Amino acid sequence: MSTPSKPSPSFPLPLGEGQGEGTRPAMPVREITFGQAINEALAEEMRRDPRVFVIGEDVAEAGTPFKVLSGLVAEFGAQRVIDSPISEAGISGIGVGAAMTGMRPVVDIMFGDFITLTMDQLVNQAAKIHYMSGGKLKVPMVLRTTLGATRRSAAQHSQSLHAWVSHVPGLKVAVPATPYDAKGLLKSAIRDDNPVVFFEDKLMYQLKGPVPEGEYTIPLGVADVKRVGSDITLVATSSMVHVALAAAGALQASGVSAEVVDVRTTAPLDKETIIESAKKTSRAIIIDEGYERYGVTAEIASIIADGAFYYLDAPVRRMGAMDVPVPFSPVLEDQTVPTPESVAEMAKRMCNKQ
Amino acid sequence: MARPKSKSASKKPSPTLSRDQALHFYRQMLKIRLFEEQVNQLYLGAKMPGLAHLYIGQEAVAVGVCEALRRDDYITSTHRGHGHCLAKGASVDKMFAELLGKAPGYCRGKGGSMHIADQDTGNLGANAIVGGSAGIATGAAMSAKMRGSDQVAVCFFGEGALGQGLLYEVMNMASLWKLPVIYVCENNQYNEYTNYRETTAGEVGARAEAFGIHTETIEGQDVQLVHAKSLTLVERARRGEGPAFLHCNTYRFHGHHVGDVDRSYYRAKKEEEEWKSRRDPVKLLAEWLQKSEMADGKLLDQIANEITTHIKQAVDFALNAPYPDPNEVNQHVYA
């Protein structure tokens, strides 16, 4: 694996403003990785609720290829950490049925690209069952998967397809950027009575950040201002939050004060925080690792155009992944995603600092 | 077929069902038949929005299987699902109300004909994606096993679903993990407008057998046979002995949906007539009841009249019921 082009996040990572209703008592904080945060969230929820179980390919002894689930099978046994055949549609469907009948499954789909194989179960079944049954049936299922390019994994293991599921009413979608958010959001997702698709950037699993030792949750649908600024708003998702933070750091040297808003969940989307920030700064760039066309950036740009039009000093700009299948060769792949440099350059142009 | 041929018609057949049971089965099957005929009338009279897929001709499968289940056992159903809902215990008034998109319907009018669900009778829902519920039924069986509830799940699907990969993915897991699920393949001979032999290679049962799943192929027009087999398979699953595949040969008397009236391009009138005259499951049970001296023509007429009245009342209820409040359109998107 070549060195990824995404920046190493600056330390310490912000803990989050915690504007939501999540529980966050004062408690000792230590640094753990994003992967450990996911592991802790699962372990804590499995201890707390016997209905929670994990099913997926190589989730037990292997602990997934990313080793995120290491140790869970030792504590909870093969009845609750279940190695499945390579059958993404099948395990998603089983997850839906188990969720409808009293369990709280966490379905592990190794690469986000493979959600294509789960689509009927997610889109036609999980998302619609509560509505179609007039509110009688519920699908409290979490489908964990990954996103993110620059891992040199080529076109079928590198996509960020969170916009696809964010499009579908009935699904909730989380795109956490820090270990702290990942843990708190995953715990909320598992406790939620709706199907939640939870995207983890593969390149963030080793990312370290402060996480309290004790119990806390973060509500779905509450954005977090990761950096306060006054000249321009950088709205970002998942790993692009770190790109935005690195860009904001560079912009400071050029006399541009950038605010970074991490949406944390694309569905529900905290429109209010996004609009308020854009009104305050009068400029906005949306940064997301999904394909740019018809994507998350378009949705958020339109929300800002609707909600902050009279406050804007520049057109809202979008920076998504290039509209090409993700190429293998590093010199090609690195061009396809936003970088701190490209974001900073765009921001300076919008602020007339060039 | 297990029933006596004309030669032995004078001989009284040996009963496998008690009189009460047999009459209850008859009532259930006739209720489905008359319900569906009424659905067709509502369509023809332009009183029902959309379409419906009638279950007429297949009643012995739904009733035979569901009568082998407990109320808390699960079923998943198909786009041709009215029979399964009724056989599992749904009430006709809320069914009609749902079909008409009315507020007292099972899903408050949000589901319609193809999405009726009723958790009170273990019905996890009809499904308009062919084969779409195979995962749900298998997951319900897995959940039952994990919770130690000794519930069983039945997945009803037509032979058209044999073309869907999901079925094979979940049958594999059901067999590996000995899940209490019964896959009931209702082979009504037609994938919509195409004979299944044009779409299905090899033998149907062999597909399930390949996963090591206990498989039976039976005449699906004989409710007693369907019921007896189902009882065995359900009890087997309940004991933890794993999944089963029950392949029932049956026939869809009407078209793919209520509007499919001219069918000559895909199946012969003669074939339809043959099934209707010789292999009508309701008629076969009525004949058996009479031969067994459990019922005479008068009693059967009386039962038919009772059900007809009951259905008429239910239709009136549905026609007079209010539509849902327009504000409900964005309710129940999220729990």
Task: All strands (runs of 3 or more DSSP E) inside the range A:35-109 with 1 or more residues being surrounded by fewer than 19 Cβ atoms within 10 Å (Cβ to Cβ) and touching a strand residue (DSSP E or B) at 6+ places or on another chain (Cβ under 7 Å) - done: none
TODO: Only residues in the range A:327-339 that are in the same structural domain as A:Ala244 (by TED's automatic domain parsing) and more than 26 Å from A:Ala248 (Cβ to Cβ) count as the first member; pair them with residues that are at pLDDT 95 or above and buried (at least 19 other Cβ atoms within 10 Å of the Cβ), Cβ under 6 angstrom, at least 6 apart or cross-chain, and list the lot.
DONE: A:Pro327/A:Glu333
Open item on the list: Kindly evaluate B:Gly131 against the criterion of being touching a Leu at 6+ places or on another chain (Cβ under 6 Å) and either within 22 Å of A:Gly93 (Cβ to Cβ) or within 12 Å of chain A (Cβ to nearest Cβ) (or both).
Closed with: yes
Task: Meets criteria (touching a Gly at 6+ places or on another chain (Cβ under 8 Å) and in the same structural domain as A:Val337 (by TED's automatic domain parsing)) for A:Val243 - done: no
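Per-residue answers, yes or no, for (1) under 29 Å from B:Met48 (Cα atoms); (2) in a loop (DSSP other than H, G, I, E, B); (3) in contact with a strand residue (DSSP E or B) (Cβ under 8 Å, 6 or more places away or on another chain):
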{"residue": "B:Phe96", "(1), (2), (3)": "yes, no, no"}
{"residue": "B:Lys102", "(1), (2), (3)": "yes, yes, no"}
{"residue": "B:Arg108", "(1), (2), (3)": "yes, yes, no"}
{"residue": "B:Ala128", "(1), (2), (3)": "yes, yes, no"}
{"residue": "B:Gly135", "(1), (2), (3)": "no, no, no"}
{"residue": "B:Ala141", "(1), (2), (3)": "no, no, yes"}
{"residue": "B:Leu167", "(1), (2), (3)": "no, no, yes"}
- [ ] Would you mind telling me which numbered condition in (1) more than 7 Å from chain A (Cβ to nearest Cβ); (2) under 25 Å from B:Pro49 (Cβ atoms); (3) within 15 Å of the chain's Cα centre (by Cα) B:His115 fails?
- [x] (1)
Task: Residues (in a helix (DSSP H, G or I), of a type in the set (Lys, Arg) and closer than 23 Å to B:Tyr193 by Cβ) located in the range B:47-92 - done: none
Task: the range B:45-76, residues that are crowded, with 24+ Cβ neighbours inside 10 Å and within 14 Å of chain A (Cβ to nearest Cβ) - done: B:Asp73, B:Tyr74, B:Ile75, B:Thr76
Open item on the list: Quick test for you: out of B:Gly132, B:Gly165, pick the one residue that is out of contact with any Pro (no Cβ under 8 Å at 6 or more places or on another chain) and buried (at least 22 other Cβ atoms within 10 Å of the Cβ).
Closed with: B:Gly132
Open item on the list: Among the residues that make up the range A:262-274, is at least one of them touching a Ser or Thr at 6+ places or on another chain (Cβ under 7 Å), under 23 Å from A:Thr336 (Cβ atoms) and surrounded by 24 or more Cβ atoms within 10 Å (Cβ to Cβ)?
Closed with: yes
Task: All helices (runs of 4 or more DSSP H) inside the range A:261-347 with 2 or more residues being over 17 Å from the mean Cα position of the chain (by Cα) and among the polar types (S, T, N, Q) - done: A:271-281
Task: Flag for B:Glu169 being more than 9 Å from chain A (Cβ to nearest Cβ) and over 16 Å from the mean Cα position of the chain (by Cα) - done: no
Open item on the list: Of the residues A:Ile232, A:Ile190, A:Ile129, A:Ile218, only one is in contact with a helix residue (DSSP H, G or I) (Cβ under 9 Å, 6 or more places away or on another chain), crowded, with 24+ Cβ neighbours inside 10 Å, touching a residue at least 24 places away in the same chain (Cβ under 8 Å) and in the same structural domain as A:Ile300 (by TED's automatic domain parsing); which?
Closed with: A:Ile232
Task: Any chance A:Val168 is within 13 Å of another protein chain (Cβ to nearest Cβ), assigned to a loop (DSSP other than H, G, I, E, B), within 17 Å of the chain's Cα centre (by Cα) and in contact (Cβ under 8 Å) with a residue 40 or more places away in the chain - done: yes
- [ ] Within the range B:138-156, count every residue that is at the interface with chain A (Cβ under 7 Å from one of its Cβ atoms) and in contact with a helix residue (DSSP H, G or I) (Cβ under 6 Å, 6 or more places away or on another chain).
- [x] 5
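Condition check ((1) within 14 Å of another protein chain (Cβ to nearest Cβ); (2) farther than 30 Å from B:Asn188 by Cα; (3) assigned to a helix (DSSP H, G or I); (4) of a type outside the set (Gly, Ala, Ser)) across all residues:
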residue: B:Arg263; (1), (2), (3), (4): no, no, no, yes
residue: B:Trp275; (1), (2), (3), (4): no, no, yes, yes
residue: B:Leu285; (1), (2), (3), (4): no, no, yes, yes
residue: B:Lys298; (1), (2), (3), (4): no, yes, yes, yes
residue: B:Asp301; (1), (2), (3), (4): no, no, yes, yes
residue: B:Val329; (1), (2), (3), (4): yes, yes, yes, yes
residue: B:Val333; (1), (2), (3), (4): yes, yes, no, yes
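The values are calculated or read from the model by the stated rules, or taken from the named source; none is laboratory data. The structure displayed is predicted, hence computed values, not measured ones. Cβ atoms come from the backbone with ideal geometry, glycine included; neighbour counts cover every protein chain shown.
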